[in-house]
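We did not get these values from a lab; they are worked out from the coordinates using the rules stated. Owing to the predicted nature of the structure, the values given are computational and were not obtained by experimental measurement. Virtual Cβ from ideal backbone geometry, glycine too; neighbours counted across all protein chains shown.
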Amino acid sequence: MTDQANALVADSTGPETVLQVRSIPISDLGEGDVLIEVSWSSVNFKDALAASKDGKVARIDPLVPGIDLAGTVVDPGSSGLDTGAEVLVHGYDLGVAHHGGFSEYARVPADWVVPLPDGLTMREAMIVGTAGFTAALSVIALEERGLTSTDDGPVLVTGATGGVGSVAVSILAALGFSVTAVTGKTDAGDWLRTLGAAEVVDRSALGDPARPLQKEKWTAAVDCVGGETLAAVLASLRYGAAVAASGNTGGMALPTTVFPFILRGIALLGVDSVQCPIVRRRDVWARLGRDLRPPLLEELVAGEVGLDEVPAALERIRGGGNRGRTVVRVR
């Protein structure tokens, strides 16, 4: 095994962030006792922020971005895994305060590692990726609240063309829910219906976010946007319904009142994929290989890129021009 790794490095020590594939010593990959030969990663909005000087996400500089990865164990350390085991890693400090998945090798703590679940290849696991894991967590949060596919009424998914939203549409539809997908992209309707959406609507269909209560429409919701979008969703949920919220691309402020909560018994369920405990993380991934496996994984793929093509993919996702998932072929 070589002592060097090709990696995409984001260097913000100068006036502008410089993204460049270069060789770095494996000894510089960061703390951890498990060494992984990386085969696949994916492009996420958080990666675009981490690779930007003004993104306010990266906590080391220079940084190898990439908040998820799938690969093969080279040195199992204290993980109890076999050399050659196929694994995936995401969340915690990966790609933010610890060098991430845009590298031929990664070194991570043993308690960050998830064995690749039955039912998924390494590439498929990165089609799902952090975004799909967040979507699965959202669906499970709604299940734990009591949502079942026999409930009458549509389930809403906002930001439906993004990574989390598109996988949520696919998972919910496969489970038997009637899914209404919300998007501002007028050309995405046919694609979202292919994923399983029963209806595709523009964001304007959510109504005026300044009105704290609107007509009751949705049995439940997965919100990937936040801000005024989430406020409008809360105002139009049915009595006793819940929304699983995981995004803030629409803003961090939530311009609503207590009315949806105290007059309709609405629940706002926060979804966090970063610090999710490892036992729950492994359980969710096991379900992603079984009953929560998106049935049309390849339909979710917007593109497949090599390390040298990642900067352009980051620019597309930063500008809102991406849809679905972009997987990174590391080797």
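Structure notes:
- For region 13-60, applying the loop criterion from DSSP together with a ceiling of 15 other beta carbons within 10 Å to the trypsin sites (Lys or Arg not before Pro) yields Lys56, Arg59.
- Placing one equal scatterer on every Cα of region 130-270 and applying the Debye formula, the log10 ratio I(q)/I(0) at q = 0.08, 0.20 Å⁻¹ is -0.17, -1.18.
- With the largest listed first and rounded to whole Å, the semi-axes of the equivalent ellipsoid of the chain from the Cα gyration tensor are 35, 21, 17.
- Degrees between helix 278-288 axis and first principal axis of the chain (Cα, 0 to 90, nearest 10): 70
- Protection proxy ranking for 168-178, 240-250, 284-294, using the average of other Cβ atoms within 10 Å per residue and placing the highest first: 168-178, 240-250, 284-294.
- Taking each DSSP H run with n ≥ 4 as -39500 (n - 2.57) and averaging over every residue of the chain yields -7500 deg cm²/dmol at 222 nm.
- Mean separation of Cα pairs under 8 Å and 6 or more residues apart, divided by the residue count, gives the chain a relative contact order of 19 percent.
- Here the 3J(HN,Hα) profile of region 204-210, calculated from phi with Karplus coefficients 6.51, -1.76 and 1.60 at θ = phi - 60°, is 5, 5, 6, x, 7, x, 6 Hz, Gly and Pro shown as x.
- With contacts taken as Cα pairs under 8 Å and at least 6 residues apart, region 130-270 reaches a relative contact order of 22 percent.
- Percent of alpha-carbon pairs separated by more than 13 Å within region 1-58: 69
- In the chain, taking the dipole from charged Cβ atoms about the Cα centre, the farthest positive-side position among Ser138, Thr13, Leu234 is held by Leu234.
- Surrounding net charge for Asp28, when Lys and Arg each add one and Asp and Glu each subtract one, Cβ distance under 15 Å: -3
- Within the chain, DSSP assigns beta bridges of which about 55% are antiparallel (rounded to the nearest 5).
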